[in-house]
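Reading through the structure tokens given below for one structure.
Readers should treat all values here as calculations from the given coordinates under stated rules, not as data from a laboratory. What you see is a predicted model; the values in this text were computed from it and never measured. Here Cβ is always computed from backbone atoms with ideal geometry, including for glycine, and neighbour counts include all displayed protein chains.
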Amino acid sequence: MANPVVVLAYDPNWPALFQSLRSRIADALGDLATAIEHVGSTAVPRLAAKPIIDIDVLLRSETLLPDVIERLAALGYVHQGDLGVPGREAFLAPANDPPHHLYVCPPDSAEFRRHVAFRDYLRAHPKAAKIYGNLKIVLAERFREDREAYNNAKTEFVREVTGRALATQNGRSDEPGIH
């Protein structure tokens, strides 16, 4: 397979790699963005992950998307549309960049809120992060040649933890279970 699923032990260089990418993106976007967040598994200390940095950009206004597309194109990013996920626009990274996914979200993006809530929950709950890391390692071995099956197999866990994270953010007490 040209693009097998590979999950590695946490790399302490991932935050610095994000900061490097973030700096370049922030310089290009200026005040069009209100936040540029490191999300996904590489943003959680000690969590096993695919070695791909996930970045979410939150726009100041949804009307700024055409300007953002133009500014990111100047850096070599290719706009791919929402790829079937409403509330975020995907960008293909420049060919010579470190592997990363870039998503641009409108100010009211539920996807942005979910990504940040999931990341923050795993950062605050090391036991849940450990369970998730172990799950990802097992699934990467089982579905090494089938990225879609790998992603589908972790959906239930991600949905459950994201629900807990959003409930915690909204002031409801954390439910029993994964901590």
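On the beta carbon distance between ASP82 and LYS127, with R0 = 45 Å, the FRET formula returns roughly 0.85. A straight chain from PHE157 to GLU145 at 0.36 nm per residue would run longer than the Cα-Cα distance by 2.2 nm. Straight Cα distances below 16 angstrom link LYS154 to the lysines LYS50, LYS130, LYS136, with same-chain residues fewer than 8 positions distant left out. For the chain, the 222 nm mean residue ellipticity estimated from helices alone, with every DSSP H stretch of n ≥ 4 adding -39500 (n - 2.57) and the total spread over all residues, rounds to -14500 deg cm²/dmol. When each of HIS101, HIS125 is scored by the number of other beta-carbon atoms lying within 10 Å, the sequence from fewest to most is HIS101, HIS125. Note on ASP27 and ASN134: with the Förster distance fixed at 41 Å, the Cβ-Cβ geometry gives a FRET efficiency of about 0.60.
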